[in-house]
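Let me begin by presenting the structure, written as structure tokens, before commenting on it.
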Amino acid sequence: QVQLVESGGGSVQAGGSLRLSCAASGDTNIMAWFRQGLGKQREGVASIGRDDRALYADSVKGRFTISRDNAKKTLYLQMNSLKPEDTAVYYCAASRFLAVPGLVPNYYHYWGQGTQVTISS
């Protein structure tokens, strides 16, 4: 059983930065960040294993960095050079079965409530 709580969302101008955090309870293996813009499907942003092996969506590679602190049971997403198209609700997720990082929403079983990120031009 895993419970996830996101924080760190907000509003920022294009080119700015935000850092999202996700506090987890229970054991986790593969964790990820997803996002869902208004009227769009949920998409994978970045995923990470306990060994810090990471996978990024092409749209954020080079701008976002996913990391985790296993001792603190906390997942992070550092977002730099933000663009208006990054505007979305960002969700923290954990997989019950994945052995390696992945960005398919259906493979994740535990989800946070989401935190809004709004990027203005």
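Listed values, structure above:
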quantity	calculated
Of all residues in the stretch 64-77 being on the phi < 0 side of the Ramachandran plot and touching a Gly at 6+ places or on another chain (Cβ under 9 Å), the one that is surrounded by the most Cβ atoms within 10 Å (Cβ to Cβ)	LEU77
Counted residues, the stretch 11-24 - those being assigned to a strand (DSSP E or B) and surrounded by 12 or more Cβ atoms within 10 Å (Cβ to Cβ)	9
Residue pairs meeting the criteria (Cβ under 6 Å; at least 6 apart or on separate chains; first closer than 17 Å to GLN36 by Cβ, in the stretch 89-112; second open to solvent by less than 30 Å² (accessible area, probe 1.4 Å) and among the charged types (D, E, K, R))	TYR90/ARG35; CYS92/GLU6; GLY112/GLU6
Residue satisfying all of: in the stretch 27-51; open to solvent by 30 Å² or more (accessible area, probe 1.4 Å), in a loop (DSSP other than H, G, I, E, B) and in contact with a strand residue (DSSP E or B) (Cβ under 7 Å, 6 or more places away or on another chain); nearest to GLN113 (Cα to Cα) among these	ARG42
The stretch 78-99: number of residues that are open to solvent by 20 Å² or more (accessible area, probe 1.4 Å) and modelled with pLDDT under 95	4
Any hit, the stretch 53-61, residues being open to solvent by 50 Å² or more (accessible area, probe 1.4 Å), acidic (Asp, Glu) and within 20 Å of SER7 (Cα to Cα)	no
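The values are calculated or read from the model by the stated rules, or taken from the named source; none is laboratory data. These numbers come from a predicted model, not from an experiment. With ideal geometry, Cβ positions are generated from the backbone for all residues, glycine too; neighbour counts draw on all protein chains shown. Ligands, DNA and RNA are excluded from the accessible area calculation, which covers all protein heavy atoms including side chains. Shrake-Rupley method; radii C 1.70, N 1.55, O 1.52, S 1.80 Å.
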